[in-house]
Every structure is written in C-alpha cells, then in structure tokens.
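One structure below.
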Amino acid sequence: MITKLFLSLSLLFLTYTSQAVSSKALSDGFLPDETPLGVLYTKNTNVSYILTQKNVYLLSNKRMTVFYKSTETIYCGFVNDSSIWLGIRNGITVLQRKDKQTTNINIEPNVKSYKVVSIVEKQDHTILVATDAYGLYKYSKSNPAEKVNTIFPINKGVVTADSSIWIGTDAGLFRNRKDEWTRYNEEGVANFEIPDNIVQNLIVDDFGFLWVIMRNGISVIEVVQRKEDHDHKHAEDMHGHLPSVEFIGDHENMIYDLSYFKGKGYIFATDLGLLWMPIKSDEELMENFHHGHSEKVENKELLIKINTTDINTQIGKVLFIAKTNGVNVLVGEKGIHELNTKDLKKLLISNK
C-alpha cells in the first residue's frame, strides 16, 4: 500500500510599510445583498462578465456596469460568442449579448425542483449541464436534453485543453475523455488517488494545469504532458497519487481563485487574503507539489501574504482575480479594484 504524504504550503508573513498602492476602484460596487459567483471570459480580452446571485455585470473599458438583472437566483454561468447561459432553478436562461433577449430552457421537465450548478462547452460546441442532484446532461438545439451520467451531488465542471470534461462532486473527481469515464477518489488506485473525496472547486490555470480544490487538500493535474527529458518527467505514472498539498496558507483555508503572473508566480485569493507563491516556471510549481516517498515531509515557507488592507476596506475580501482589458482586477465581496502592472509590482514585495 502506498503511503500518502502531502506537502503543506505554509505562510511567510511580511511587514509591508510602503505607501499604499494608488490603484483605483472601478465602480461603486455590487448592489446590496449579493456577492460575486465568478468571472466569465470572452474571446475579446477587453470584455468579461461578473456574475452575482442576482445580476450580470459587464466589465469593459475599465468600468463595471449592470448588464442584466435576473428575476431568478443565478447559480453559475457560461459565455460564448453570442450569448450568456445562466444556471438557475429548474433550468437555464440564455441571454443574448447583442440585444439582451432571453430564452428559458428546462433541462429536466420530469423533475419538480433542481438547480443548474455548472455549464461547460465541449470543443464540438455541445453544451454539458450539471445539476445539483440529478446528474449531468448533454444539450443541443436539435435534440432534447439527454442525461449522460447520474453522478451527484455535482459542485463544478470544467473542460481542459485535451478535450477532457472534469466534474467535481462530493464523491470524488470524474473525468470524461473519448467517451470513457475515470474516477479519482481518496480510495483510488495508483495515479487516480486524490487526498479527499469532496471536490469543492476546479480551476484551470494559464499553464493548462487543473487545480482540484478539496475540503482537505489541493491537487494539481498536469492535463497535457509536456515534452521534456525523462529524468525531469512529471508524469502521473511516477507517483502513487497526484501531486498534492494538504493546504495552502493554513488548515481549512478556503481557496476561491488563483492566477499566474508571468515571471512572478501564482497569486491565490483565499480566506486568509491574497497569498503569493513566487515561481517563474511550471517546473517549479510541480517540484513544490510533488511529494517524496520518505517518512518525513518538510514544510517549506513558500507563500507570502500580500498586504491589501486598503483595498479590502473598499471592496471586502478578494474572491476572484480577473485579467481583462489589459489590467488586473481584484473582484471582492463588495466591488472591484483595478491594479495596473506598476501597482501589482508594488504589492509583490518580499524581503528575501
């Protein structure tokens, strides 16, 4: 039996006494009684959308404005060239980006009450719809929605560059590739083992790595294997389970979002605030996350806590890190805040 060893990424707290960063808030913030659910990116890098439980906000030209007010609670969203798909109770609202006309789709007419919790698009433009307790459906305009898997409860779904569909659930992580399903779970076989069965979130980063955020652990899956020498190979078959850490920052620290900044490293939006892991390549990331097979795993001080006190006063806790319109936008509980390249560099100061 392979021993499970996980490396924790602990915090190195820095005192930052420089002048406050002079970036500016982009708007007066979100409307009362709502918080952001996520950021939807379009092919046009100057336009993105922020979802809350009640509204869709347009982020463009350094301004955030209300684009659409929903009469139903919003649980998730997806955007393509022509429309925004909003997951609601008992179906989907399809919102046309050009004229804001809406169409409602009932994915499962035989069920009285369900929630659409994730919407993804395959490379062939087939839409996959995940419900909270009734499984995964395939939808196309020409045919009624078809159930393709009964897995539940589903928390998040994503598509990666190798055309894999990944579904995070309370019963493990499921992958669909070439019409075959593979399950990753805590009791899994070698190469398909993750530290916890409850998968809370899935995030695909700029390298194409899939981050699996679990209740008790974080795993990084190298979806598309890079061409590299055998001696430096990071393939899954070299390990009893996927590259993992027990936590980032501290036990039970919630990870909301992450973003890679070229030459600087990763910034994580967490309950502990913004945490910076300075690395300059994907190889460094995988080295930090790979465990050994000895009885002892040393905790490395790899993370730096970024001082965002002034920003948090304006927008609350940062939940998402958006890159749009050539700038970085911190999306907080109450509003958003722009960071230009100069301001970002000011924040990323260490005393190493």
With every protein chain kept in place and a 1.4 Å probe, the residues Asp271, Asp162 fall, from largest accessible area down, as Asp271, Asp162
The long-range amide H neighbours of Gly38, using H built 1.01 Å from N in the peptide plane and a cut-off of under 5 Å, are Leu51
Taking a probe of 1.4 Å and leaving out DNA, RNA and ligands, region 98-164 shows per residue an accessible area in Å² of 57
Of region 46-82, those with amide N under 20 Å from the point 7 Å along the Cα→Cβ vector of Gln101 are 67-71, 79-82
XL table Lys54/Lys178; Lys69/Lys156; Lys62/Lys345; Cα-Cα > 31 Å flagged, in table order, is Lys54/Lys178
Interchain or sequence-distant (5+) residues whose placed amide H lies within less than 5 Å of the amide H of Leu303 are Ser10, Leu12
Counting only residues 5 or more apart in sequence or on a different chain, those whose built amide H sits under 5 Å from that of Phe30 are Gly335
Once phi for every residue in region 337-343 is put through the Karplus expression 6.51 cos²θ - 1.76 cosθ + 1.60 (θ = phi - 60°), the whole-Hz ³J(HN,Hα) values, with Gly and Pro written as x, are 9, 8, 10, 7, 4, 5, 5
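The values are calculated or read from the model by the stated rules, or taken from the named source; none is laboratory data. Keep in mind that what you see is a predicted model, and the values were worked out from it rather than measured. Note: ideal-geometry Cβ built from the backbone for every residue, glycine included; neighbour counts use all protein chains shown. Note: areas computed on protein heavy atoms with side chains; ligands, DNA, RNA excluded. Shrake-Rupley method; radii C 1.70, N 1.55, O 1.52, S 1.80 Å.
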